[in-house]
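Each value in this text was obtained by applying a stated rule to the coordinates, not by laboratory testing. If you're wondering where the values come from, they're calculated on a predicted model, not measured in any experiment. Cβ placement follows ideal geometry from the backbone for every residue including glycine, while neighbour counts extend to all protein chains displayed.
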Amino acid sequence: MGDKNTAFFHKSASYRRRKNMLKGLEDEFSTLKTETVEMAKMATHYFKDLFSSKGTSDCSKLLESFQPSITDEHNRDLIAEFTKDEIVSAIKSIGPLKASDNQGAFISSREITDNIFVAYEILHLFKKRRGTSKKGFALKLDMSKAYDRIEWSFLEKMMSRMGFCDEWISIIMKCVGSVTYSVVLNGRNGEEFHP
């Protein structure tokens, strides 16, 4: 029945909304807060704290252990203007109402769980390759947690150490630094904040 405007759909959606409704939060003193305004303040405070800078320790030794690997050619490619042909090619590769082929979680004929099976198959292939000359590695990243915990000043210093040009670093830091968050609690957007 999907998204059709039917009584069944509305009952299902209403049930899901009631089921997912947050009815209370416990504060640091184990006091249960049930008022929506109090819960929103608590949630916003929690995420503001989570995303705020904790300060950086001296990371110069770590940075020194990395050798610059970005060449002048890499930098020229990174900051080069897009050509009309590149833009047309990118748009045509997307097609109507679908993501590009490398964004498996967003292709309408696939489910996000398909990526789990693909990852399993890749790991299985690596396991079968042991002892051969074909080498490879797998790297699992939890981007949410990795991103939540990186100090932006460290990111900037690391990119510089790797050899990225100042113009590229500035572009990336503008992207990273321009983010805003808002906690959605029971369907209501909370106060916007900058990490």
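Below, the figures for the structure above:
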item	result
Two-site FRET efficiency, residue 92 against residue 7, from Cβ-Cβ distance with R₀ of 30 Å, rounded to 0.05	0.10
Pair-distance profile P(r), taking every C-alpha pair of segment 148-195, with 5 angstrom steps and integer %	5, 18, 22, 18, 13, 9, 7, 6, 2, 0
